[in-house]
Amino acid sequence: MSVERALQGVLMILVLVGTGVLMARLGYLTEELEASLSRLTIHFSVPALLFGSTVTHISKDFLRQAGWLLLIPLICMLLGYGLGFALRVLCRVPRGDTGVFLAMFALSNSLFIGLPVALEIFGESAMPYIVAYFPFNTTIFWTLGNLGIAVDGGQRPASWRATVRQILSPPFLGFLAGFVAALTGLTLPPFLTQSLTYLGNLTVPVTLLTTGAVLSRMGRASLRIGRAGWLTILGRLVLMPGATMAACLLCGAPPMMTGVFTMIAAMPVMNQCVIMARMRGANHRLAAQMLTVSTLFSLVGIPLWVLVLRHLT
């Protein structure tokens, strides 16, 4: 883990996100095309990436060695919900923004930005921990997160059947299928492994290009930050990664696990917060604003967290 690799990762993000912004401004990356590319990643490239990575990197030996330490992200996310709620009350964030605020505060963009950043900084050896982080983040969002956002919008919470369907998204199913295959010792034929690799390789460029297109359409007004916004930045860039790193160090987690979990915990707001807030009639403007601002702030936060991790792990 080096600052140089972190800076290279930040520059890579800047170039691809900036290209997405330019493509949107020039009319090449329209909203319709952006939506199609998002569906491509969610339904094909991300499931392929997670399936192939899980089969390759997750094994009984890995699970036996890591053990309960893999639950650290889950514990920290739940603590983040509690801390976020306390700060909401203390700092008087509007009650109607509670669900959106807590989801932004406690949960990170582990897949669309966290994955490429962690891979760039730590290399392929980070993949088992990236794969381990993802299902907890997704499950918490589609349960606590979805429930809170629905309450914000004055809607009844989704039924348990609808919640289960949302948790079992294509990326989660890709992970689950890969997990079962890994535990049963399934060996994939070379042609299938290569096909999954090619599909999975679409994930990083496509997601960062579409992120740039989203940021382009939000405009300068999204940079005006209110009280809830500054608390979200505090949670995303300081409190959640800090709590995750402290938990890893106190529990004696290996340096690679500590680094990957901490970096992913420092990632921006989840894209899904914006989508669900709009669907539920909640404050989607706040979610869209903080997706923009937290992404920009993370470009500074990533190298700083690498420096911290170098001195403490």
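For segment 76-85, the condition of being more than 14 Å from Phe261 (Cβ to Cβ), in contact (Cβ under 8 Å) with a residue 40 or more places away in the chain and hydroxyl-bearing (Ser, Thr, Tyr) holds for at least one residue. Looking at Leu196, Leu202, Leu215, Leu208, just one residue is of a type outside the set (Lys, Arg), surrounded by 15 or more Cβ atoms within 10 Å (Cβ to Cβ) and in contact with a Phe, Trp or Tyr (Cβ under 7 Å, 6 or more places away or on another chain), and that residue is Leu196.
Collect the residues in segment 239-255 that are out of contact with any helix residue (DSSP H, G or I) (no Cβ under 6 Å at 6 or more places or on another chain) and assigned to a helix (DSSP H, G or I), keeping them in residue-number order. Those that are out of contact with any helix residue (DSSP H, G or I) (no Cβ under 6 Å at 6 or more places or on another chain) and assigned to a helix (DSSP H, G or I): Leu239, Gly242, Ala246, Leu249, Leu250, Pro255. No other residue among Leu304, Leu299 is in contact with a Leu (Cβ under 7 Å, 6 or more places away or on another chain), part of a helix (DSSP H, G or I) and either farther than 15 Å from Arg224 by Cβ or among the small types (Gly, Ala, Ser) (or both) apart from Leu299. Identification of helices (runs of 4 or more DSSP H) wholly contained in segment 112-176 with 1 or more residues that are without any contact (Cβ under 8 Å) to a residue 40 or more places away in the chain yields 127-140, 160-167. Gly67 meets each of the listed conditions (1) at positive phi; (2) not in a helix (DSSP H, G or I) apart from (2). Yes or no: segment 89-97 includes at least one residue that is over 21 Å from Asn146 (Cα atoms) and either in contact (Cβ under 8 Å) with a residue 12 or more places away in the chain or part of a loop (DSSP other than H, G, I, E, B) (or both). Yes; the residues of segment 89-97 include at least one that is over 21 Å from Asn146 (Cα atoms) and either in contact (Cβ under 8 Å) with a residue 12 or more places away in the chain or part of a loop (DSSP other than H, G, I, E, B) (or both).
Pairs meeting the criteria (first residue in segment 221-246 and modelled with pLDDT of 90 or more, second residue part of a loop (DSSP other than H, G, I, E, B) and exposed (fewer than 15 other Cβ atoms within 10 Å of the Cβ), beta carbons under 8 Å, at least 6 apart or on different chains) are Leu231/Cys91.
Among (1) at pLDDT 85 or above; (2) in a helix (DSSP H, G or I), there is one condition Ser108 misses while meeting the rest; what is its number? Going through the list (1) at pLDDT 85 or above; (2) in a helix (DSSP H, G or I), Ser108 breaks only (2). Of Leu286, Leu249, Leu291, Leu304, all but one fail to be surrounded by fewer than 18 Cβ atoms within 10 Å (Cβ to Cβ), modelled with pLDDT under 90 and farther than 18 Å from Leu78 by Cα; the exception is Leu304. Among the residues of segment 123-144, those that are more than 20 Å from Asp61 (Cβ to Cβ) and of a type in the set (A, V, I, L, M) comprise Ile140, Leu144. Name the single residue, out of those in segment 167-178 being surrounded by fewer than 19 Cβ atoms within 10 Å (Cβ to Cβ) and touching a helix residue (DSSP H, G or I) at 6+ places or on another chain (Cβ under 6 Å), that is farthest from Glu32 (Cα to Cα). My answer is Ala177.
The residues in segment 77-123 that are over 18 Å from the mean Cα position of the chain (by Cα) and closer than 28 Å to Leu209 by Cβ can be counted, and the count is 0. Here the condition is being out of contact with any helix residue (DSSP H, G or I) (no Cβ under 6 Å at 6 or more places or on another chain), modelled with pLDDT of 80 or more and either in a helix (DSSP H, G or I) or polar (S, T, N, Q) (or both); of Leu196, Leu192, Leu209, it holds for Leu192 alone.
Evaluated against (1) surrounded by fewer than 22 Cβ atoms within 10 Å (Cβ to Cβ); (2) under 30 Å from Leu22 (Cα atoms); (3) in contact with a helix residue (DSSP H, G or I) (Cβ under 7 Å, 6 or more places away or on another chain), Met276 falls short on exactly one condition, (1).
Within segment 274-284, does at least one residue satisfy the condition of being touching an Asp or Glu at 6+ places or on another chain (Cβ under 6 Å) and more than 26 Å from Val131 (Cα to Cα)? The answer is yes, given that some residue of segment 274-284 is touching an Asp or Glu at 6+ places or on another chain (Cβ under 6 Å) and more than 26 Å from Val131 (Cα to Cα).
Considered as a group, the residues in segment 261-276 that are in a helix (DSSP H, G or I) and at pLDDT 80 or above include one that is nearest to Ile225 (Cα to Cα), and that residue is Cys273.
The values are calculated or read from the model by the stated rules, or taken from the named source; none is laboratory data. Just so we're clear, the structure is a prediction, and the values are computed from it rather than from any experiment. Note that we place each Cβ from the backbone using ideal geometry, even for glycine, and neighbour counts take in every protein chain shown.
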